[in-house]
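Before any comments, here is the structure.
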Amino acid sequence: MSERRVRVRFAPSPTGPLHMGGVRTALYNYLFAKKHGGDFLLRVEDTDQTRYVKGAEDYILEALKWCGINPDEGVGAGGDCGPYRQSERKEAGIYKEYAFKLVEDGFAYYAFDTSEDLTNMREMAEKAKMPNWQYNNITRTSMKNSVSLSEDEVTKRLDAGDPFVIRLKMPRNEEVRFHDEIRGWVIVNTNNMDDKVIYKADGMPTYHLANIIDDHLMNISHVIRGEEWLPSAPLHVLLYRYLGWEDTMPKFAHLSLILKPNGNGKLSKRDGDKGGFPVFPLEWNAPDGAVSSGYKENGYFPEAFINMIAFLGWNPGTAQEIFSLEELTEAFTLERVGKSGAKFDPDKAKWFNQQYLRNKSNTELAQLLMPIIAEEKLDVCIEYVAEVCELIKERATFITDILEEGRYFFEDVSAYDEKTLKKKWKEDTPTIMQELLVELKSIEEFTTENIETKFQAYLEKNEYGFGKVGPGFRLLVTGKGMGPSMFHICSVLGKEYVLDRMEKGLVKIEALKAEA
Ligand code: GLU
């Protein structure tokens, strides 16, 4: 038998922005598809109009684009199985016939109960100390539906245009079993399942029905999704069976949760707000005006973000941690996706970004910095910025850190590190600095080596240790107590600037000291 073509889908509901968990689901689907030379589809599941949030779909598309997870087919990409938005599929009349066929075949029934009927039932059950009332294979007989009512009554109601929903008729005491690619066998007894509404009074299918019909019509081979859908999977298996599609039912893989940094429950937006880290890929401007920060706006590279997300629940089984999207595609398997929840570690997220930053060339970093530099109206050329990047990148996690850490490359020093000033600026430091200044002035070619040679010679001549001269020198030129090689810094800054800084710095520091 020929292997089935791998076709997977990411099927978000546009009820809000994409959470990191959603990105991970999309990513694993994408990796799985690419690994097997298959197709990755994007389907928008917007059957629940009450939960629709304006802007959410655009946000999802943009976020996936930023992450480099581009669908082969679906919303925004087109394809032969469209439309790919469920609301449009409903308009095209795709779902209705299947819902009615399920009734005809005896697997589903019409239910005429009003919402008051249902509320009354729930309240009565609660009073009788039977909370969690369910519409199921026992209670359905005392409700208003085509199982409990006479055929005449049902026809009369349908002819009169009484509103109805269609519910799936859960069989009594049957075992539903399926094999989950991550969790192994899952077995549920139908007595524990309710008669789910599959078709609503407004003619909209519910998620369950639409999802199964679409997966079937789109020839989906594997359903990879969050574990919150695991309880629905047995119902989905029954739907495949009742619709006669069990032979081509997709394989299921339910991903475990992404957990809070302390491991205590599902990671939420609130955890991000509290811990000062984003949980959304891009900034989200909610319709109510609230703004939530995004990885992009926080300075993360999309490749670093994706690499970090990939490791939340999967590992390659080796020590390698840095993976490009292509390498992830190569290495990814569902077998290596964990069953238990993956703790999110905000420091590790930063670590990934730092690694990616370090691996970029100085020119690439400079190119990324130039627009920020232009915004700040700093007048420097890209070659200079690239030299600064070479010096500062080891100390940076984000691109903007290079600018912050290396401010002194772009602006005069306006403040001096207090600790260094207090501990290392001694009474004889000004004299030493004056002497050093004279030495530096005498250098013809202001290269790193020449500066270092001159500096060392000065130390030797006076029998000074580095600690006597170095900290003051750094403080004058950069305002800081620590940093990359001073000789290198000075050669990048250039002789004029260095001497000017030292002269001005001596005056400013002496004034500061006098004030103190
Ligand atoms: N629309 C569902 C969601 O928002 C998709 C679940 C599935 O992949 O089957 O998560």
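The values are calculated or read from the model by the stated rules, or taken from the named source; none is laboratory data. Every value quoted in this text rests on a predicted model; they were computed, and no experiment measured them. Heads up, the Cβs are rebuilt from the backbone with ideal geometry, glycines too, and the neighbour counts pull from every protein chain shown. Note: accessible area is taken over every heavy atom of the protein model, side chains too, but ligands, DNA and RNA are not part of it. Shrake-Rupley method; radii C 1.70, N 1.55, O 1.52, S 1.80 Å.
Annotations
- The per residue volume of the convex hull around the alpha-carbon atoms of segment 429-516 is 87 Å³.
- Residues in segment 100-124 reached by a label modelled at Lys156 [backbone nitrogen below 20 Å; 7 Å Cα→Cβ]: 110-114, 117
- Between Val507 and Ser361, the modelled label-to-label distance comes to 4.3 nm, taking each label 7 Å out from Cα in the direction of the beta carbon.
- Its Kirkwood hydrodynamic radius, worked out from the mean inverse distance over all distinct Cα pairs, puts segment 377-428 at 12.7 Å.
- For segment 351-445, the equivalent ellipsoid derived from the alpha-carbon gyration tensor has semi-axes of 30, 17, 13 Å in decreasing order.
- Sorted largest first, extent of segment 293-410 alpha carbons per principal axis (Å): 53, 27, 19
- Folded to 0 to 90 degrees: helix 56-67 orientation relative to the chain principal axis, Cα: 50 degrees
- Solution diffusion estimate, µm²/s, Stokes-Einstein, segment 14-128, Kirkwood Rh from C-alpha pairs, 4 °C, viscosity 1.567 mPa s: 75 µm²/s
- Estimated at the nearest 10 Å², the accessible area of Asp194 is 40 Å² with a 1.4 Å probe.
- Basic side chains Lys and Arg get +1 at the Cβ, acidic Asp and Glu get -1 at the Cβ, and with that the dipole of the chain about its Cα centre reaches some 1440 debye.
- Farthest positive-ward along segment 106-190 dipole, Cα basis, beta-carbon charges - from Pro171, Thr114, Asn145: Pro171
- Reciprocal of mean inverse Cα separation for the chain (Kirkwood radius, Å): 27.9 Å
- Cβ-placed point charges (K, R +1; D, E -1), dipole of segment 16-128 about Cα centre in debye, nearest 20: 500 debye
- Cα gyration tensor category, rounded, prolate or oblate, for segment 322-376 with a/c compared to 1.5: prolate
- The Glu88 and Lys419 beta-carbon pair, evaluated with R₀ = 45 Å, returns a calculated FRET efficiency of approximately 0.10.
- Compactness of segment 224-311, taken as the C-alpha radius of gyration over 2.2 N^0.38 Å, stands at 1.48.
- When only the Cβ of Lys, Arg, Asp and Glu is charged (+1, +1, -1, -1), the dipole of segment 322-403 relative to its Cα centre reaches about 480 debye.
- Note on segment 119-237: the alpha carbon radius of gyration divided by the globular reference 2.2 N^0.38 Å gives 1.24.
- Charge dipole of the chain about the Cα centre (unit charges at C-beta), most positive-ward option of Leu368, Ala63, Tyr408: Ala63
- Two numbers describe the Cα atoms of segment 172-235: Rg and Dmax, which are 13.1, 38 Å.
- Qualifying GluC sites (Glu not before Pro) in segment 183-289, where qualification requires a DSSP coil assignment and no more than 16 other C-beta atoms within 10 Å, comprise Glu283.
- Under the simplified labelling scheme, the Thr431-Leu217 pair shows an inter-label distance of 9.1 nm, with each label point 7 Å from Cα along Cα→Cβ.
- Net length gained if the chain between Glu327 and Val291 were fully extended (0.36 nm per residue, minus Cα distance): 9.5 nm
- Helix 207-217 axis versus longest C-alpha principal axis of the chain: approximately 90°, rounded to the nearest ten.
- Using 0.36 nm per residue and subtracting the Cα-Cα separation, the extra length available between Asp500 and Lys269 on full extension is 78.2 nm.
- Too-long pairs where the Cα-Cα distance tops 20 Å, listed order kept, from Lys127/Lys200; Lys393/Lys480; Lys426/Lys508; Lys343/Lys393; Lys274/Lys419: Lys127/Lys200; Lys343/Lys393; Lys274/Lys419
- Between helix 429-441 and the chain: long-axis angle, C-alpha atoms, 0 to 90°, nearest 10: 90 degrees
- All Cα pairs of segment 1-67, percent lying beyond 14 Å: 60 percent
- Sorting Cys81, Cys67 by solvent-accessible area of protein heavy atoms yields Cys81, Cys67, largest first, with a 1.4 Å probe.
- Applying 0.36 nm per residue to the separation of Lys129 and Lys377 and subtracting their alpha-carbon distance, the gain on full extension is 82.2 nm.
- Placing dummy labels 7 Å off each Cα toward the beta-carbon, the span from Phe466 to Thr141 is 8.9 nm.
- Reference-scaled alpha-carbon Rg (2.2 N^0.38 Å with N residues) for segment 120-179: 1.41
- Distances between every pair of Cα atoms in segment 352-392, grouped in 10 Å steps from 0 to the bin holding the largest one, split as 31, 53, 15, 0 percent.
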